[in-house]
Every structure is written in C-alpha cells, then in structure tokens.
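What follows is a single structure, written as structure tokens, with notes after it.
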Amino acid sequence: MSEQSKHHLTNQFDNKTTAWSARFTEPVSDLVKRYTASVSFDQRLAKYDIQGSLAHAQMLQKIGIINSTDLSDIKRGMKQILTEVEQGSFQWSVDLEDVHLNIEKRLVELIGDAGKRLHTGRSRNDQVATDMRLWLRDEIDIATSLMRKLRYHLAKLALEHANTIMPGFTHLQVAQPVTFGHHLLAYAEMFRRDENRLQDARARVNILPLGSAALAGTSYPIDREYVAELLEFDSVSRNSLDSVSDRDFAIEFCSIAAIAMMHISRLSEELVIWMSPRIGFIELADRFCTGSSIMPQKKNPDVPELARGKTGRVNGHLIALLTLMKSQPLAYNKDNQEDKEGMFDAADTLRDTLTIFVDMIDGIKVNSVAMRDAAKQGFATATDLADYLVKQGVPFRDAHETVALAVRKCEEKGCDLSELSLNELREFNNLIEDDIFNVLTLEGSVSSRNHIGGTAPERVIEEAKAIISELSNSI
Ligand code: ARG
C-alpha cells in the first residue's frame, strides 16, 4: 500500500469531507450532494443515533475491541454532542450526508482516535435501522397514550350523555333513536382497536437489527443480546440481510396511522355536520373554529375539516412506503433513505391530531333539545311499532308492511307515530293496545335495547364507566 493511500485510510475523517474519499477521484456536484443527503430530515434521529452508538460502544468495550478509556471518551464526546444538538448549536453539514456521519465526524473532532473506533463492527445500514426502530418505539408510546386519553374523554362525555337521545342514521336518513353516549362510544371502540394495533406493531418494532452490519453480519465477536438489553429491545433480529433492508415496521406504523386518521376523519365529518346551523346538535369551543373574513355570521369548524383533510396525506405516506419497498432486491438499497420523511410526517400528523382532539372532545357543547327534536322527526320508532306487533304474534314481514302504512298516514297528517291516537293505530291492527305508547316514545325505544352492545342508557353507563375505570390511572 502506498504511503498516500495509507494516509487516506487512517485519516479520512481528519482530512476529507466524506467517509469513503480514498476511492473517489472526483467530487459530486452540489445538486447530487443535496439529492443524496438525508441530513436535513434525519437529524431528528440524533438522540437515538447517540443512544444506539453508546450501547454499541459499551458492547465493543465488553468484548475487548475498545478499552475503557476509549469508552469513557466516547461517552464524554456523545454527551457534548447531545447538548449541542439539543441547544441547536450543532453544525449540521450536507457534505457529511446524514445524521450518522455528522455525529461521527464531530465525535472524532472532539475525542480523536476513540471516535474513529466506534464504527467497528457496524454499518450505517444496521445503524439507521436501529435508530428508526428506537424513534418509532417512542412515537408508538406517545400515540398509544394519546389514544387512551381520547378514549377517556369520549367515555366521560358519553357518561354525561347516556340519556341524551339523538337520531341514529343509516344512509344519513333517520333510522332509529340512539343515545348520544352510545354514538360517542362507537368511536371509543375504533380508537381501542387502533391502540391495540399500535401495541401489536410495537412488538415487531422492538427487535434489534444492530450487529447485522452492512448486510452479512460481522467477523467481530459481538454480543448482540447485550446491546439489545442496553437499548431495551425485546430480542435481536435473526437474519442480517432482512434486518438491514426490512421496513415493514414503518409501513405497519403508517397503516395504523392511516386507519386511525380514517377514524378521526369519520368523527370529524360528523362534528362538521352536527355543527352545521341546519342541524345544530353541537357547538365546538371557539378555539377550534375560525370566522370568515367576509361573512360575519360564520363560525367554521376548521379543525375537524383539516383533520379530515390530513387523512389524505397519511394515506399517501402509506402508499409511498409500500411503493418504495415494492420489488426491492436484498439487501439495503439507497431507496430506503426515502422511508423517513413519510414516516415522520405520519407520526407528527397523528400526534398533533390526537392531541387536539383530546382537548376538542372535552370542550363540546351538546344541544340535547335539537338532538331530541331531530329524533322525533324521522319516524325513528317505526321499527319499535313493528317489533310490538311481532310480539303480539304478527309475522315480521306483515308487521313491517302495516307500519309502512301507518308512516304514510303520519306523513299525510304531518305528525309522528306517537301522536296518532290509539283508535287510529288500531285501524292498522287491532292487536294494538294502550301499552303501545311505551314503545313509541324515544325513551321506551332506546331503553328496550339493553343487551350487550345496545344503545340503552344503562348499557352506555356501564360501558362508559368500564372505560373510565380502565384508564383513569394512566391519564
Ligand atoms: N442515510 C442512509 C439512510 O437513511 C443511511 C444508510 C446509508 N447506507 C448506505 N450504504 N449508503 O438510509
């Protein structure tokens, strides 16, 4: 080996701006540099990159690759780097491509040779996979706790409105009366599933890829289990090729975020409808609405509208990631650098949306009178009349027909079923008795549905209380 190339190999971080300079004869253009660099967005992994490096260094010392002086130098250097990053004084350089090389270069600047030993037995390929898993694990924990808060607030509002009657809709037509509490708890169910999905995904995120090195593993006698323990991973990955190239965990997270945002968008759509002055079921607190610059009477539900809209971008990130990984041969390819921005944005969007919704749900003002009036208008208890007749021995299809005739009569008269007299009702079927008015009232209708999963106030109270007691310790 010539003196000159030896110099390159031993001093690459001192004299050159890239980690592989010795092999290259011409520099990349500024555009290519920017095009290939990820530092503008992956710097948010810095804390996790440092965490992973410290665990790696500790392991290298344990197996005798570096000595304890090196380790304490690395710890000291990393501590300073973390402070610089947190204070915003760290000088990020696009010349150093990504978060990993930026931090490593600074470490060498601060502590010299010990810094150059850190990258022994690893590659940026297993390093970045580790960083992302550490980052995502935290994000999943944040999203989980927000989901729990949201469920808690939904349950609290549901408990307050266990007896509030509103029309339940199918096809956005009044179908049967339900309690507002029951309606809210439907969303609590959706968010419970989202929370479960996050927990399922966490188990697959929490596996250590470090030690896979570039793709084939490393010839150093590394102790991967020790690193896993230090970083609180549940286990170590079982195939180095898969570990450096797998991005299932990011895709899975984006799919969970997309499903959760879809749930949020459904709730948002309802909030927007309910708040329309033509409906007037609820009012959102002013801090979630804006006015119009031209129409002084307007109060627009901007937050739920935007949440509905932001669902689209999260769906987009999911599709982008699936497409990114489609047909990629093993193992690591530079394509994978494109995994980050979408995943970051999906997590940010989910986090911000959930945080806002927790507060917004808490501040909903309910107009129970408007809800009740609407429930009275659409013959919402027609099914109850049919069920009454069935209980008197009329076959359900015949009962259905009879009630259809009764509804027609009400439409002609401009009244509700419960406003027909007993005699008028008996014209349709003389099995009808005075007790019919118990089931034709809205209260009678909802309270008769008191099986598990039904809309009866007693069930809503029970379900809401169960959620509140499940979550009250962790809120
Ligand atoms: N910045 C890269 C990424 O985000 C790190 C891994 C680079 N590895 C490589 N062989 N170029 O994926």
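Calculated FRET efficiency, residue 40 and residue 473, Cβ-Cβ r, R0 45 Å, to nearest 0.05?
Working: r = 41 Å, r/R0 = 0.92.
Calculated value: 0.60.
How far apart, in nm, are two points set 7 Å out from the Cα along the Cα-to-Cβ line at residue 120 and at residue 466?
A separation of 5.7 nm, rounded to one decimal place.
For residue 334, which lysines qualify as cross-link partners when the Cα separation must be under 16 Å and same-chain residues fewer than eight apart are set aside?
Correct list for residue 334: 33, 326.
Working from Cα positions, state the angle (0 to 90°, nearest 10) between the long axis of helix 302-325 and the longest principal axis of the chain.
Between the helix axis and the principal axis of the chain, the angle is about 50 degrees.
How far apart, in nm, are the 7 Å Cα→Cβ label points at residue 238 and residue 313?
3.9 nm
Obtain the radius of gyration and the Kirkwood radius of the chain from its C-alpha atoms and give Rg over Rh. Mind dumping the intermediate values first?
On the way: Rg = 31.1 Å, Rh = 26.7 Å.
Using only Cα positions, Rg/Rh for the chain is 1.16.
Identify all aspartates and glutamates with a Cα-Cα distance to residue 391 below 17 Å; exclude those on the same chain that are fewer than 8 residues away in sequence.
List returned: 401, 433, 434, 435.
Any chance you could list the semi-axes, whole Å, largest first, of the equivalent ellipsoid that the Cα gyration tensor gives for the range 137-253, using √(5λ)? Don't skip to the end; give the middle numbers.
Values: eigenvalues 435, 45, 10 Å².
Output for the range 137-253: semi-axes of 47, 15, 7 Å.
When Rg is the radius of gyration of the Cα atoms in the range 324-373 and Rh is its Kirkwood radius, what does Rg/Rh come to? Intermediate results must be reported in sequence, preceding the final value.
On the way: Rg = 21.1 Å, Rh = 14.8 Å.
Rounded to two decimals, Rg over Rh is 1.42.
With n ≥ 4 as the cut-off for DSSP H runs, can you work out [θ] at 222 nm for the chain, using -39500 (n - 2.57) per run divided by the number of residues, rounded to the nearest 500? Walk me through the intermediate numbers first.
Working: 21 runs with 301 residues, N = 475.
It lands at -20500 deg cm²/dmol.
May I ask you to derive the relative contact order of the range 313-413, considering only C-alpha pairs under 8 Å and at least 6 residues apart, and to give it as an integer percent?
Working: 34 pairs, mean separation 18.8, N = 101.
Reported relative contact order: 19 percent.
Rank-order 170-177, 383-390, 223-230 by packing density, defined as the average count of other C-beta atoms within 10 Å over each peptide's residues, highest first. Mind showing how you got there, number by number?
Details: 170-177: 14.0, 383-390: 20.8, 223-230: 17.5.
Ranked from most to least packed, the peptides come out as 383-390, 223-230, 170-177.
Work out how much length residue 113 to residue 355 would gain on full extension: take 0.36 nm times their residue separation and subtract the Cα-Cα distance, in nm to one decimal.
Working: separation 242, 0.36 × 242 = 87.12 nm, distance 4.54 nm.
This chain segment gains 82.6 nm when fully extended.
Given a cut-off of under 8 Å on Cα pairs at least six residues apart, what relative contact order in percent is computed for the chain? Display every interim value, and only then the final one.
Details: 656 pairs, mean separation 81.9, N = 475.
It rounds to 17 percent for the chain.
Averaged across orientations, what area in nm² does the convex hull of the alpha carbons in the range 379-475 project? It would help to have the intermediate numbers written out before the result.
Values: hull surface 30.3 nm².
In nm², the orientation-averaged hull projection of the range 379-475 is 7.6.
Take every Cα pair under 8 Å in the range 269-309 that's 6+ residues apart, average their separations, divide by the length, and report that relative contact order as a whole percent.
Details: 37 pairs, mean separation 14.7, N = 41.
Once divided by the residue count of the range 269-309, the mean separation gives 36 percent.
Using 22 Å as the Cα-Cα cut-off, could you pick out the over-long pairs in 310/340; 47/310; 156/298; 75/105?
On the way: 310/340 18 Å; 47/310 28 Å; 156/298 29 Å; 75/105 15 Å.
Result: 47/310; 156/298 exceed 22 Å.
Provide Rg and Dmax in Å for the range 229-369, with only Cα atoms included in the calculation.
Here Rg and the maximum Cα pair distance are 20.3, 63 Å.
With a point put 7 Å past each Cα toward its Cβ, work out how far residue 411 is from residue 285 in nm, to one decimal.
According to this spin-label approximation, the distance is 4.4 nm.
Would you grab the residues whose amide H sits under 5 Å from the one on residue 290? Only those 5+ places off in sequence or on another chain, please, with H modelled 1.01 Å from N.
Sorted by chain and number, the residues that satisfy this are 300, 302.
In the range 302-324, which residues have a backbone nitrogen under 20 Å from the label point lying 7 Å from residue 204's Cα in the Cα-to-Cβ direction?
Zone members listed by number: 314-324.
Using a probe radius of 1.4 Å on heavy atoms only, what accessible surface per residue do you get for the range 36-173? Whole Å² is fine.
Ligands and nucleic acids excluded, the figure is 38 Å² per residue.
The values are calculated or read from the model by the stated rules, or taken from the named source; none is laboratory data. None of the values given here were measured: they were computed from a predicted structure. As a convention, Cβ positions derive from the backbone with ideal geometry for all residues, glycine included, and neighbour counts pool all protein chains shown. Keep in mind that these areas ignore ligands, DNA and RNA; they rest on the heavy atoms of the full protein, side chains included. Shrake-Rupley method; radii C 1.70, N 1.55, O 1.52, S 1.80 Å.
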